[in-house]
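The values are calculated or read from the model by the stated rules, or taken from the named source; none is laboratory data. Every value quoted in this text rests on a predicted model; they were computed, and no experiment measured them. As a convention, Cβ positions derive from the backbone with ideal geometry for all residues, glycine included, and neighbour counts pool all protein chains shown.
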């Protein structure tokens, strides 16, 4: 199962569609966001996805957690550790 | 039950303590945030509160939703409608 990575510039409807698709296929989705703008987009996408899935009779809930991730610079070098928010989404 | 209102300047540990206290007392908490900075603080506080409550044997999950709220200006006049994120938090 792939992690859904969200940035501050991600379109909420596209992320929401990805969440809904992964839940339908795998019964679990993980969304990762670093920074306030990205976390906000991720949560908005989750609201939309929750509504899409409710139409299919699937009620999902979310558990957020911190996770340390390694970020590379523009040259794919100099890894730095950042704290991301991971939203774990599952049927209730 | 009071709504827990979070701003971009809220301390996550204080909000986390409030969430945990309300869950222990009422088995349900609602957290409201407007704007990316506030949503980020709310989600970080929820991660901390989830960890506090797990130590008490309480596993909580979250369902985010949009809610329209009326915001007043500095003179408590000229109400404007803004879309807030509300995190509904309950034992799993």
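Does residue A:33 count as without any contact (Cβ under 8 Å) to a residue 12 or more places away in the chain and either surrounded by 17 or more Cβ atoms within 10 Å (Cβ to Cβ) or touching a strand residue (DSSP E or B) at 6+ places or on another chain (Cβ under 8 Å) (or both)? No: the conditions fail for residue A:33. Return a yes/no flag: does the stretch B:63-75 have any residue that is facing chain A (nearest Cβ under 10 Å) and modelled with pLDDT under 95. For the stretch B:63-75, residues facing chain A (nearest Cβ under 10 Å) and modelled with pLDDT under 95: absent.
Test residue A:88 against the stated conditions and say whether it is surrounded by fewer than 20 Cβ atoms within 10 Å (Cβ to Cβ) and not in a helix (DSSP H, G or I). The answer is yes for residue A:88.
Taking the criterion of being under 23 Å from residue B:83 (Cα atoms), touching a strand residue (DSSP E or B) at 6+ places or on another chain (Cβ under 6 Å) and in a strand (DSSP E or B), would at least one residue in the stretch A:45-60 satisfy it? Within the stretch A:45-60, one or more residues are under 23 Å from residue B:83 (Cα atoms), touching a strand residue (DSSP E or B) at 6+ places or on another chain (Cβ under 6 Å) and in a strand (DSSP E or B).
Here's the yes/no breakdown for (1) under 28 Å from residue A:53 (Cα atoms); (2) in contact (Cβ under 8 Å) with a residue 24 or more places away in the chain:
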{"position": "B:3", "(1), (2)": "yes, yes"}
{"position": "B:6", "(1), (2)": "yes, yes"}
{"position": "B:12", "(1), (2)": "no, yes"}
{"position": "B:42", "(1), (2)": "yes, yes"}
{"position": "B:48", "(1), (2)": "yes, yes"}
{"position": "B:59", "(1), (2)": "yes, yes"}
{"position": "B:65", "(1), (2)": "yes, no"}
{"position": "B:68", "(1), (2)": "yes, no"}
{"position": "B:84", "(1), (2)": "yes, yes"}
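Picking from residues in the stretch B:2-15 that are within 13 Å of chain A (Cβ to nearest Cβ) and over 18 Å from residue B:63 (Cα atoms), the one that is surrounded by the most Cβ atoms within 10 Å (Cβ to Cβ) is B:10.
Just the residues that are buried (at least 17 other Cβ atoms within 10 Å of the Cβ) and either within 11 Å of chain A (Cβ to nearest Cβ) or assigned to a helix (DSSP H, G or I) (or both), please, taken from the stretch B:16-30.
First, the residues of the stretch B:16-30 that are buried (at least 17 other Cβ atoms within 10 Å of the Cβ): B:16, B:18-20, B:22-23, B:29-30.
Correct list: B:16, B:18, B:19, B:20, B:22, B:23.
State all residues of the stretch B:48-61 that are over 13 Å from residue B:22 (Cβ atoms) and surrounded by 17 or more Cβ atoms within 10 Å (Cβ to Cβ); if no residue qualifies, say none. Even if it seems obvious, please write down each step before you answer.
Residues of the stretch B:48-61 that are over 13 Å from residue B:22 (Cβ atoms), as a first pass: B:48, B:50-51, B:54-57, B:59, B:61.
B:48, B:50, B:61, listed by residue number.
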